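The values are calculated or read from the model by the stated rules, or taken from the named source; none is laboratory data. Given the structure is predicted, the values throughout are model-derived calculations rather than measurements. FYI the Cβ positions are ideal-geometry reconstructions off the backbone, even for glycines, and counts take in every protein chain you see. With ligands, DNA and RNA removed, areas are computed over all heavy atoms of the protein, side chains included. Shrake-Rupley method; radii C 1.70, N 1.55, O 1.52, S 1.80 Å.
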Amino acid sequence: MATTPPGEPAALEPGPNTGAGGTAPVAMSPAAMKHIVLLDQLRGFGIVAVICTVVSMLIFAALRHPLGTQWANAISLVLCSVLNTELNRRISFGITGLHLWWRDQRRGLWIMLLALGITSGSLLVLHAVSPKASLATELAVIVLGNVASAVTRFVLLRYWIFRRLRHGATAVPLHN
């Protein structure tokens, strides 16, 4: 039986509660866990943002000529808002059930109004300055407008729509 002198940990001797390689699981403080959860949510939010931006730009580009820039922008944002809220429920916040789905979607549409206001206003300014702006320029303006509203969107998702997760409601564990 191996023994270690008093005061020295038996770091190389695997015990019953050690992981692979003999390392003991690390206990985390609640503050550290909050940061890990936040980083995990931000990572998921970034993934969702990329997916929804690509889908929104494709819809906008397809609808721009038949409907005009403002209608194409509005329709793409409304459609992508539903997708965005659903993907954020699952990927960013770990919610997979249908409990409160309609409420979450309704609130997500309210948040979409912020992005719609920013992007529509940006398009109005663009067309006032450059009436013959190209599709690429319009898409760039919309993407910049969506990036401008993304921080507010994340804060509203975290602290308004999905606040129940911070108050003890259970959800599926996030990414490992």
- Query: What number of residues within the stretch 60-83 satisfy the criterion of being without any contact (Cβ under 8 Å) to a residue 60 or more places away in the chain, in a helix (DSSP H, G or I) and open to solvent by less than 40 Å² (accessible area, probe 1.4 Å)?
  - Reply: 6
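For (1) touching a Phe, Trp or Tyr at 6+ places or on another chain (Cβ under 8 Å); (2) more than 25 Å from Asp40 (Cα to Cα), each residue gets a yes or a no:
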| residue | (1), (2) |
| --- | --- |
| Ala62 | no, yes |
| Ile95 | yes, no |
| Arg103 | no, no |
| Trp110 | no, no |
| Thr119 | no, yes |
| Leu123 | no, yes |
| Pro131 | no, yes |
| Leu144 | no, no |
| Leu156 | no, no |
- Tabulated pairs, the stretch 148-167, first outside any helix (DSSP H, G or I), second aromatic (Phe, Trp, Tyr) and surrounded by 13 or more Cβ atoms within 10 Å (Cβ to Cβ), C-beta under 7 angstrom, 6+ apart or interchain: Phe162/Phe93
- Filtering the stretch 67-85 for residues that are in contact with a helix residue (DSSP H, G or I) (Cβ under 8 Å, 6 or more places away or on another chain) and within 21 Å of Ala128 (Cα to Cα) leaves a count of 7
- Note on the structure: Residues of the stretch 88-104 being of a type outside the set (Val, Ile, Thr), part of a helix (DSSP H, G or I) and open to solvent by 10 Å² or more (accessible area, probe 1.4 Å), in sequence order, are Arg90, Trp101, Trp102, Arg103
- Going by the structure shown, is Ser149 open to solvent by less than 60 Å² (accessible area, probe 1.4 Å), among the polar types (S, T, N, Q) and more than 17 Å from the chain's Cα centre (by Cα)? no
